[in-house]
Amino acid sequence: MTTTTTTGARDAAPAARTDVLRATGVTMRFGGLTAVHDVDLSVDSGEIVGLIGPNGAGKTTFFNCLTGLYIPTEGQVAYKGKVLPHRSHLVTKAGIARTFQNIRLFSNMTVLENVLVGRHTRTKEGLLSALLRGPGFRKAERTSEERAMELLEFTGLAAKREHLARNLPYGEQRKLEIARALASEPGLLLLDEPTAGMTASETSATRDLVLAVREKGTAVLVIEHDMRFIFNLCDRVAVLVQGAKLVEGSPETVQADERVIAAYLGTPFEGEPGEAEAAEVREAERATAGGATGGTADGPAGGPATASDETPKGERS
């Protein structure tokens with residue numbers, strides 16, 4: 001991995017930070033299979049943390065443990081010092097929101113309606129209030145719609161508020177997922193492969209959007225396979241391999257770690273011939289080829305040597 005890293009975006013992060021997320025000893029087993037093993041991870045306020053690893057490393061399973069979709073076999077997850085309940089809607093209410101690897105929008109609802117769905121944990125009106133549609137309900141409805149429109153302006157989707165979600169281009173559907181997640185007013189946003197399938201320009205726009213989310217005071221934890229995106233965006237990067245945390249540190253540290261390179265590219269063959277050994281092999285091949293023809297310095301059958309009779313020095317036959 002030879003990705004060039006820029007530090008300007010990361011240097012913009014606030015200096016004073018407090019603990020937002022702390023996962024301790026998280027393990028997730030499915031029968032005899034251990035998908036996540038004893039993973040510790042923290043995210044501070046104003047921080048963007050990346051989570052990378054090969055396919056099948058346990059990244060999404062770990063996300064599911066953080067957000068209450070899975071109950072960890074061992075370990076615990078705390079948000080701002082309080083252990084989270086094992087219910088996804090309560091985790092959202094506590095202050096953690098997420099997007100998914102596969103887009104999960106309400107395709108037959110409008111863009112605005114999709115964002116309003118994300119407000120459900122921040123409204124106090126119940127079924128009776130909704131049926132009666134009294135002053136309190138109408139006020140809450142106006143407040144939610146105003147906040148939803150602010151988020152659509154923030155993500156650049158305000159002009160398409162009445163469009164059906166299924167009619168949006170792919171990149172805008174991803175933006176809409178982020179807007180819906182932000183509607184719950186989280187202190188921590190979890191993004192699962194937000195640039196998957198995007199063009200270069202869409203990826204750049206997503207990076208700018210994530211940085212803007214951080215600037216508004218929301219910490220971010222992101223899974224991504226695009227290494228350029230991760231290393232140019234994140235303050236810290238953690239690497240999962242076979243369900244366990246391999247290394248964690250700055251993007252520069254992680255890029256230079258030989259274990260990370262081996263995890264992505266494979267372990268180099270031990271004892272692989274170097275240049276000296278390769279030269280010996282080439283020399284042996286030339287000697288073998290010369291012996292097989294039975295020729296001499298004068299060329300085959302005593303004739304004069306020609307350019308086609310010789311193997312150029314340094315080339316393999």
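The values are calculated or read from the model by the stated rules, or taken from the named source; none is laboratory data. Since this is a predicted model, take the numbers as computed values, not measurements. With ideal geometry, Cβ positions are generated from the backbone for all residues, glycine too; neighbour counts draw on all protein chains shown. These accessible areas exclude ligands, DNA and RNA; they are computed on the full protein's heavy atoms, side chains included. Shrake-Rupley method; radii C 1.70, N 1.55, O 1.52, S 1.80 Å.
Numbers at a glance
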| read-out | value |
| --- | --- |
| Environment charge of T195, counting only residues whose C-beta is closer than 14 Å and scoring Lys/Arg +1, Asp/Glu -1 | -4 |
| Residue-normalised accessible area of the range 221-268, expressed per residue, 1.4 Å probe, Å² | 41 |
| Gyration tensor verdict on the range 82-222 (Cα atoms; rounded if a/c is under 1.5, prolate if a/b is larger than b/c, oblate otherwise) | oblate |
| Cα-based reach from K216 at 24 Å (exclusive), listing lysines while leaving out same-chain residues under 8 positions away | K80, K82, K93, K160, K175 |
| Heavy-atom surface of the range 129-218, accessible at 1.4 Å and reported per residue (Å²) | 47 |
| Cα-projected label distance for R29 with M149, points at 7 Å along beta-carbon direction, nm | 5.4 |
| Inter-label distance for A244 and H86, nm, one decimal - labels placed 7 Å from Cα along Cα-to-Cβ | 2.5 |
| Environment charge of R29, counting only residues whose C-beta is closer than 13 Å and scoring Lys/Arg +1, Asp/Glu -1 | -2 |
| For the range 137-191, alpha-carbon Rg over 2.2 N^0.38 Å | 1.17 |
| Stokes-Einstein D in µm²/s, Kirkwood radius over Cα pairs - the range 17-99 at 4 °C with 1.567 mPa s viscosity | 99 |
| For the range 34-53 versus the range 218-232, the gap between their alpha-carbon centres in whole angstrom | 12 |
| Protection proxy ranking, peptides 76-89, 231-244, average beta carbon neighbours within 10 Å, highest first | 231-244, 76-89 |
